[in-house]
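Visitor: My questions all concern the structure below.
What follows draws every value from the coordinates through simple rules; no lab data is involved. From a predicted model like this one, the values you see are computed outputs, not experimental measurements. Here Cβ is always computed from backbone atoms with ideal geometry, including for glycine, and neighbour counts include all displayed protein chains.
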Amino acid sequence: MFKHKNKDLNQPATVGDFQELAQGIGEIVVTKDGFNAFTKKALKIFATKEDLKDLATKQELTQFKSEILASNDKISKKLDKFLTEQTAKLGRDDRQDEDITELKTRVSAVKQYTGMEPAPASA
């Protein structure tokens, strides 16, 4: 890159100064051949409009996101309903277990009071 030498800027420019300036500009400015070489490389690396035509638009992605969120809402509602029903079922099962235990206790007491033997299991 072109760097200015510490000279008195109030002195007139010389041919050497212009040659240094031209050399510095030549180092930082792209030539037509350099630009064409970059363009060829860029076309291999960067996507073109044709490459991007099959990608989703912002509107399509927004609609897709809305559809996903709507389906998640349905799933959430079903899960909430299922968990509520399961909680109710567990409570009902606990009450039934208490009733069965109470009945077994009463039957055992009746058997003991009457002296009944358990009936053989039928096949």
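So that you can scan it fast, the table gives a plain yes or no per residue for (1) small (G, A, S); (2) in contact with a Lys or Arg (Cβ under 9 Å, 6 or more places away or on another chain):
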{"site": "K77", "(1), (2)": "no, no"}
{"site": "K81", "(1), (2)": "no, no"}
{"site": "Q86", "(1), (2)": "no, no"}
{"site": "G91", "(1), (2)": "yes, no"}
{"site": "R95", "(1), (2)": "no, no"}
{"site": "T101", "(1), (2)": "no, no"}
{"site": "S108", "(1), (2)": "yes, no"}
{"site": "Y113", "(1), (2)": "no, no"}
{"site": "E117", "(1), (2)": "no, yes"}
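Visitor: Any residue at all in segment 55-68 that's in contact with a helix residue (DSSP H, G or I) (Cβ under 9 Å, 6 or more places away or on another chain) and among the aliphatic types (A, V, I, L, M)?
Guide: Yes.
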